[in-house]
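Working notes, beginning with the structure itself.
The values are calculated or read from the model by the stated rules, or taken from the named source; none is laboratory data. Since we're looking at a predicted model, the values are computed, not measured. Methodologically, a virtual Cβ is constructed for each residue, glycine included, from the backbone with ideal geometry; neighbour enumeration extends over all protein chains shown.
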Amino acid sequence: MPRFVLRLGVSWTYAQGRIAAGENLYQVVPGPYIDLDEDLAINSGSFSDHLLYEVEADWTFLSQNRLGVRLWEGKMRSEATMKRDFHYDDLDFSAGQHVPTLLHTAQLDILYDRRIVERAGVTVWGGAGIRYSYFNTGPDLLGSREDTYALMPALHAEVWVPLRGNLRWDSDVTACFFALGGLLEQPADGSSYSIASRIGWRFHSRMGLDAGLRYLNARQRYAGEEPDHDFGDNRVEAQFLSPIIQFVVFL
């Protein structure tokens, strides 16, 4: 396998799930859930409003060890006509009201893997690391969106399988079961897992193209005092499905 692999990619993303944001002057009060698709029409924007970008870099050292950095980030924008009355954060929205909507996410993984299988061209990696997960979503009006940040230990596994000619198949899974508190200013509780599967074509000794699918399932909640000294209860439960295409550099 190459010592260094760099992937630069783009993905068209479909999202579903629900969010909630409650705000109170004196205590944490949960707000009602609103649906990303039914209420915010987050999947109704143009093609370019659903593109997220990704960078992945893997460096293999001392034969059996690998360090990896993966970033998947972007903003989904749309416009929605409210189908019902609801309260989100400290604002009230009415049926028939027309508002822009936003879902901004960034997922950053820093991983250490060790090669645990290498046989007949098949390579399996296993390891661990850390995931930084960020969401900012809601009706896109002044003061109407809420952020959640989570830092989560991650387990990671990846397999590479050669196919015919210059083709290969690879797939990786990253799972985070809980979040670390105290390392961020307003740390959220959370968990997530992601799966990516790709077919790769190496058309040059140092270059290739990958195409496949990525799935992310994430849950985050921050409940506590906010910078404006109000108390918030901000929740995100979201799933993403993304066809991806990547330009790959092998060194």
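Going residue by residue through region 87-103, is there one that turns out to be under 21 Å from THR148 (Cβ atoms) and modelled with pLDDT of 95 or more? Before the answer, list the steps.
Of all residues in region 87-103, those under 21 Å from THR148 (Cβ atoms) come to 87-91, 93, 99-103.
From the residues that got through so far, the ones that are modelled with pLDDT of 95 or more too are none.
Within region 87-103 (the criterion being under 21 Å from THR148 (Cβ atoms) and modelled with pLDDT of 95 or more), the answer is no, since none of the residues qualifies.
Could you please find all residues in region 9-43 being surrounded by fewer than 14 Cβ atoms within 10 Å (Cβ to Cβ) and under 21 Å from HIS98 (Cβ atoms)?
Within region 9-43, PRO32, GLU38 meet the criteria.
Okay, residues lined up against (1) in a strand (DSSP E or B); (2) at pLDDT 95 or above; (3) of a type in the set (A, V, I, L, M):
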site	(1), (2), (3)
SER48	no, no, no
TYR53	yes, yes, no
LYS75	yes, no, no
TYR112	yes, yes, no
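Out of all the residues in region 167-178, which are of a type in the set (Ser, Thr, Tyr) and surrounded by 16 or more Cβ atoms within 10 Å (Cβ to Cβ)?
Step one: of region 167-178, the residues of a type in the set (Ser, Thr, Tyr) are 171, 174.
Within region 167-178, THR174 is the sole residue that qualifies.
Can you name the residue in region 55-71 that is assigned to a loop (DSSP other than H, G, I, E, B) and not small (Gly, Ala, Ser) and is also nearest to SER171 (Cα to Cα) among such residues? Quick ask: steps written out before the conclusion?
Of region 55-71, the ones assigned to a loop (DSSP other than H, G, I, E, B) are 62-64.
Keeping just the survivors that are not small (Gly, Ala, Ser) gives 62, 64.
Numbers: LEU62: 23, GLN64: 19 Å.
Going through the qualifying residues, I end up with GLN64.
Do the conditions hold for GLY181, that is, is it buried (at least 21 other Cβ atoms within 10 Å of the Cβ) and either on the phi < 0 side of the Ramachandran plot or touching a Lys or Arg at 6+ places or on another chain (Cβ under 9 Å) (or both)? It would help to see each step written out before you state the result.
Numbers: buried (at least 21 other Cβ atoms within 10 Å of the Cβ): no; either on the phi < 0 side of the Ramachandran plot or touching a Lys or Arg at 6+ places or on another chain (Cβ under 9 Å) (or both): yes.
In short, no.
Would region 17-38 turn up any residue that is part of a loop (DSSP other than H, G, I, E, B) and aromatic (Phe, Trp, Tyr)? Lay out the reasoning, then the answer.
First, the residues of region 17-38 that are part of a loop (DSSP other than H, G, I, E, B): 25-33, 36-38.
If we keep only those that are aromatic (Phe, Trp, Tyr) too, we end up with 26, 33.
Scanning region 17-38 turns up at least one residue that is part of a loop (DSSP other than H, G, I, E, B) and aromatic (Phe, Trp, Tyr).
Going through region 194-225 one residue at a time, which ones are more than 13 Å from GLN246 (Cβ to Cβ), under 18 Å from the mean Cα position of the chain (by Cα) and either charged (D, E, K, R) or crowded, with 17+ Cβ neighbours inside 10 Å (or both)?
The answer is SER194, LEU216, ALA218, ARG219, GLN220, ARG221, TYR222.
Residues in region 51-70 that are surrounded by fewer than 19 Cβ atoms within 10 Å (Cβ to Cβ) and either closer than 18 Å to ALA15 by Cα or of a type in the set (S, T, N, Q) (or both): how many? Break it down into steps so the answer makes sense when it comes.
If we filter region 51-70 for residues that are surrounded by fewer than 19 Cβ atoms within 10 Å (Cβ to Cβ), which is where we start, we get 51, 53, 55, 57, 59-65, 67, 69.
Subset that is either closer than 18 Å to ALA15 by Cα or of a type in the set (S, T, N, Q) (or both): 51, 53, 60, 63-65.
So the answer is 6.
What tally of residues in region 114-161 results from selecting those that are outside any strand (DSSP E or B), in contact with an Asp or Glu (Cβ under 9 Å, 6 or more places away or on another chain) and surrounded by fewer than 16 Cβ atoms within 10 Å (Cβ to Cβ)?
So the count comes out to 1.
Could you tell me how many of the residues in region 86-96 are touching a strand residue (DSSP E or B) at 6+ places or on another chain (Cβ under 7 Å) and either hydrophobic (A, V, I, L, M, F, W, C) or surrounded by fewer than 16 Cβ atoms within 10 Å (Cβ to Cβ) (or both)? Let's see the steps before the verdict.
First pass over region 86-96, keeping only residues touching a strand residue (DSSP E or B) at 6+ places or on another chain (Cβ under 7 Å): 86, 88-90, 93, 96.
Applying the additional criterion that residues be either hydrophobic (A, V, I, L, M, F, W, C) or surrounded by fewer than 16 Cβ atoms within 10 Å (Cβ to Cβ) (or both) yields 86, 93, 96.
Selection size over region 86-96: 3.
Pairs please, first residue from region 13-37 and hydroxyl-bearing (Ser, Thr, Tyr), second anywhere and not in a strand (DSSP E or B), Cβ atoms under 6 Å, 6+ apart in sequence or on different chains.
Final answer for the pair search is THR13/HIS50; TYR14/ASN43.
Of all residues in region 162-201 being in a strand (DSSP E or B), more than 29 Å from PRO2 (Cα to Cα) and touching a Ser or Thr at 6+ places or on another chain (Cβ under 8 Å), which is modelled with the lowest pLDDT? If you could, list the steps in order and put the result at the bottom.
The first filter runs over region 162-201 and keeps only residues in a strand (DSSP E or B), leaving 162, 167-176, 187, 189-201.
Checking the rest, the ones that are also more than 29 Å from PRO2 (Cα to Cα) come to 187, 189-192.
Those left that are additionally touching a Ser or Thr at 6+ places or on another chain (Cβ under 8 Å): 190, 192.
On the way: GLY190: 94, SER192: 97.
So the residue we want is GLY190.
For ARG164, only one of the following conditions fails: (1) touching a residue at least 12 places away in the same chain (Cβ under 8 Å); (2) surrounded by fewer than 16 Cβ atoms within 10 Å (Cβ to Cβ). What is its number?
The one condition ARG164 does not meet is (1).
It is to be established whether one or more residues within region 44-59 are in contact (Cβ under 8 Å) with a residue 40 or more places away in the chain and farther than 30 Å from GLY126 by Cβ.
yes
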